[in-house]
1. Can you tell me which residues in the range 8-22 are out of contact with any Ser or Thr (no Cβ under 8 Å at 6 or more places or on another chain) and either of a type outside the set (D, E, K, R) or farther than 20 Å from Thr71 by Cα (or both)?
2. If I go through the range 85-128 residue by residue, how many of them are more than 30 Å from Ala70 (Cβ to Cβ), of a type in the set (Phe, Trp, Tyr) and touching a helix residue (DSSP H, G or I) at 6+ places or on another chain (Cβ under 8 Å)?
3. What helices (runs of 4 or more DSSP H), lying completely within the range 1-107, carry at least 3 residues that are among the polar types (S, T, N, Q) and within 14 Å of the chain's Cα centre (by Cα)?
4. Take the residues in the range 26-37 that are touching a strand residue (DSSP E or B) at 6+ places or on another chain (Cβ under 9 Å) and surrounded by fewer than 17 Cβ atoms within 10 Å (Cβ to Cβ), then tell me which one is nearest to Val77 (Cα to Cα).
5. If Arg23 meets every condition in (1) of a type outside the set (Gly, Ala, Ser); (2) modelled with pLDDT of 95 or more; (3) open to solvent by 20 Å² or more (accessible area, probe 1.4 Å); (4) under 18 Å from Asn76 (Cα atoms) apart from one, which number is that one?
6. All but one of (1) open to solvent by 60 Å² or more (accessible area, probe 1.4 Å); (2) closer than 21 Å to Ser4 by Cα; (3) of a type in the set (Gly, Ala, Ser) hold for Ala92; state the number of the condition that does not hold.
7. Output the residues belonging to the range 95-106 that are more than 21 Å from Ile39 (Cβ to Cβ) and either surrounded by 15 or more Cβ atoms within 10 Å (Cβ to Cβ) or among the small types (Gly, Ala, Ser) (or both).
8. Determine which single condition Phe125 fails, assuming it passes every other condition in (1) open to solvent by less than 30 Å² (accessible area, probe 1.4 Å); (2) part of a loop (DSSP other than H, G, I, E, B).
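The values are calculated or read from the model by the stated rules, or taken from the named source; none is laboratory data. These numbers come from a predicted model, not from an experiment. Here the Cβ positions follow ideal geometry from the backbone for every residue, glycine too, while neighbour counts run over all protein chains shown. Keep in mind that these areas ignore ligands, DNA and RNA; they rest on the heavy atoms of the full protein, side chains included. Shrake-Rupley method; radii C 1.70, N 1.55, O 1.52, S 1.80 Å.
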Amino acid sequence: MTNSIIPLVTPFTDDQSQVSEVRLARLIRFLLPSQPAGIFVGGDLGEFASLTLGERKHVLEIAMREVAGATSVWTNVTANTTMMATDMAQHAAQHGVSGCVLMPPVYGSFTQSELVQHFRTVAKFGPM
């Protein structure tokens, strides 16, 4: 048994044109017998910056289906706008994630008060 939350890669099809649902499901099924404290999808290791919003949501949905309550699922809701991050947080909450990870927007220069407002706004819509 491990006490770690395991960050997952996002596997793609051979031609790299889309997320591989089959490979992601196999990866999760492979990890579950080790009883991790949770899995984390859509982080840096999961190529979140390279995925569309729809792909990021789909990865989370696959993870939630495959885990089926066997462990916790965490997801990254970091985005370049508060609206996109809020959308991701709402989607995560609707699918029952254990928690969300939110980092400051990658692009732009923000004051501390702007960042605080960003985090507070997104936190209202998802389990942070």
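1. Correct list: Leu8, Val9, Thr10, Asp14, Asp15, Gln16, Ser17, Gln18, Val22.
2. Total meeting the criteria: 1.
3. 82-94
4. So the residue we want is Ala37.
5. (4)
6. (1)
7. Pro105
8. (1)
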